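The values are calculated or read from the model by the stated rules, or taken from the named source; none is laboratory data. On a predicted model such as this, the values are computed, not experimentally measured, just so you know. Positions of Cβ are generated from backbone atoms using ideal geometry, with glycine treated the same way; all protein chains shown enter the neighbour counts. For accessibility, only protein heavy atoms count, side chains too; no ligands or nucleic acids. Shrake-Rupley method; radii C 1.70, N 1.55, O 1.52, S 1.80 Å.
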Amino acid sequence: MSTLVDKAPIGLALFDRAQRVVGVNEALAAINGLPAPAHIGRTHASLLPDVDGSVQTALDHVLRTGCSLIEQEAHGRTPAAPDRDRWWSVSYYPVRVGEEIIGVGAVCE
């Protein structure tokens, strides 16, 4: 299963309840311009300070309400293209064990 996730042609991430990155696939690491291991244990804001606050707002919303957000726009600059504004479509969803929300999954394109 990890090969399926790692090689998917779309960015995937998992955040814990403290909004720290638990995992990213190769596509998201490339989108961000940072090696996958550099993401682990860090918040989105600490990784990509030049990306707008919409990611933080979406993570907060999903953790607070348990509701998914589909095709939300995010924009900013990343190490992959530090001199260029970029835009992404990101969907966020709660990750649950039973009824408990243990984190947020994100799909980025």
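Across the stretch 1-68, Cα pairs under 8 Å and at least six residues apart give a relative contact order of 23 percent.
Remark: the residue 56-residue 16 segment gains 13.1 nm on full extension, using 0.36 nm per residue and subtracting the alpha carbon distance.
Taking every DSSP helix (H) stretch of at least 4 residues in the chain, weighting each as -39,500 (n - 2.57) and dividing the sum by the residue count yields a mean residue ellipticity at 222 nm of -7000 deg cm²/dmol. If you wrap the tightest convex hull around every Cα atom of the stretch 63-109 and split its volume per residue, you get 84 Å³.
Roughly how many percent of the accessible protein surface of the chain is carbon and sulfur, given a 1.4 Å probe and a whole-percent answer? Intermediate values should be presented prior to the final figure.
Numbers: 3460 of 6100 Å².
Carbon with sulfur: 57 percent of the solvent-accessible area.
Where the only charges are on Cβ atoms (+1 Lys, Arg; -1 Asp, Glu), what is the dipole of the chain about its Cα centre, to the nearest 20 debye? The partial results should precede the final answer.
Details: 9 positive and 13 negative charges, 42 e Å.
Approximately 200 debye in magnitude.
What is the angle, in °, between the Cα long axis of helix 54-65 and the longest principal axis of the Cα atoms in the chain? Nearest 10 is fine, range 0 to 90. The two axes meet at around 0 degrees. The per residue volume of the convex hull around the alpha-carbon atoms of the chain is 90 Å³.
Net charge within 13 Å of residue 58 by Cβ-Cβ distance, Lys/Arg positive one each and Asp/Glu negative one each, not counting residue 58 itself? Mind dumping the intermediate values first?
On the way: positive: 64; negative: 52, 60, 71, 73.
Net local charge, residue 58 excluded: -3.
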